[in-house]
């Protein structure tokens, strides 16, 4: 979204320059022409970037290896799909309105704002094409692993940038036939719809995504409770017998989080002088060796470091935790 905002600011600056140099074209640019042309380009950039973002996320999930480190906390395709659902129809509608006007007034194809924005888009698409090829060649020459995910991402950027570049190059030269203007939006719509369906098949339906977010929130809550329990032990020299006892301690004021899905309290059990259990009910399993932040890690068996292991199956699951007196010494004065 930051990149999109940057592009919009650049477009506005350029359009202001165009308006200040209106002698570029003998045909006067009206307010309607100005905002229609600007709207098409903004909708195009939003559609393209959201489409690429959607495919990148799906590729990351579909082609990630179990040894890779995830680069995001919670993969989601909600935002790119939401933008596509709105921006693509706007792009088609505004483009249709412009083409309808060009049929009645062909001279408007020579408007300064149309040419400037078209050439700007050509410049951006060409730069993206060059950068994409440079990235692939660099990784190959540098001896880096050209993974399937990376090559697919590079192919997506290459095809999308090439399509935009060729379309606007033909449009500037007035080489786009009426048949192409009718069929291209249909082909684009089919490709976008297929990508959305693929995204849902890989990452799950909106209900599945919602349950995943619930599970991730539960892990974060359990992590917070774990550190609260350890902190309580440091301050009191003993583990609390219950979460209620810990929360009611006047010298240790905290708010213990509850399950966001059913608003119930999380399970807690003191199992020894320095051991305890934390329990929660999960919608889906997560046994890919990930911690609560989606980063894959390994834990020595029996090590206290295993306190950061949050692998779980679906349903009610408990995690055994051990307080390390060396790492977390008590602050009780004896």
Residue within the range 237-246 that is within 19 Å of residue 276 (Cα to Cα), touching a residue at least 60 places away in the same chain (Cβ under 8 Å) and not in a helix (DSSP H, G or I) present: yes
The one condition in (1) modelled with pLDDT of 90 or more; (2) buried (at least 18 other Cβ atoms within 10 Å of the Cβ); (3) over 20 Å from the mean Cα position of the chain (by Cα) that residue 87 fails to fulfil: (3)
Qualifying position, being more than 20 Å from residue 55 (Cα to Cα) and modelled with pLDDT of 90 or more, among 126, 131: 126
Meets criteria (over 23 Å from residue 87 (Cβ atoms) and surrounded by fewer than 16 Cβ atoms within 10 Å (Cβ to Cβ)) for residue 173: yes
Of the criteria (1) surrounded by fewer than 20 Cβ atoms within 10 Å (Cβ to Cβ); (2) part of a helix (DSSP H, G or I); (3) at pLDDT below 85, which one residue 18 fails: (1)
The lone exception for residue 181 - which of (1) within 20 Å of residue 45 (Cα to Cα); (2) surrounded by 17 or more Cβ atoms within 10 Å (Cβ to Cβ) it fails: (2)
Single residue of 228, 209, 223, 261 found to be outside any helix (DSSP H, G or I) and either within 25 Å of the chain's Cα centre (by Cα) or buried (at least 16 other Cβ atoms within 10 Å of the Cβ) (or both): 261
Yes/no for residue 219 being at pLDDT 90 or above and not assigned by TED's automatic domain parsing to the domain that holds residue 318: no
Some residue of the range 146-160 being touching a helix residue (DSSP H, G or I) at 6+ places or on another chain (Cβ under 9 Å), outside any helix (DSSP H, G or I), modelled with pLDDT under 85 and under 21 Å from residue 57 (Cβ atoms): yes
Within the range 138-188, tally of residues that are free of Cβ contacts under 8 Å to residues at least 24 places away in the same chain and at positive phi: 1
Matching residues, the range 184-206, being more than 20 Å from residue 156 (Cβ to Cβ), loosely packed, with under 14 Cβ neighbours inside 10 Å and at pLDDT below 90: 205, 206
Count of residues meeting criterion [assigned to a helix (DSSP H, G or I) and closer than 18 Å to residue 199 by Cβ] in the range 73-123: 11
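The values are calculated or read from the model by the stated rules, or taken from the named source; none is laboratory data. This one's a predicted model, so the numbers in the text were calculated from it and none came from an experiment. Note that each Cβ is placed from the backbone with ideal geometry, even for glycine, and that neighbours are counted across all protein chains shown.
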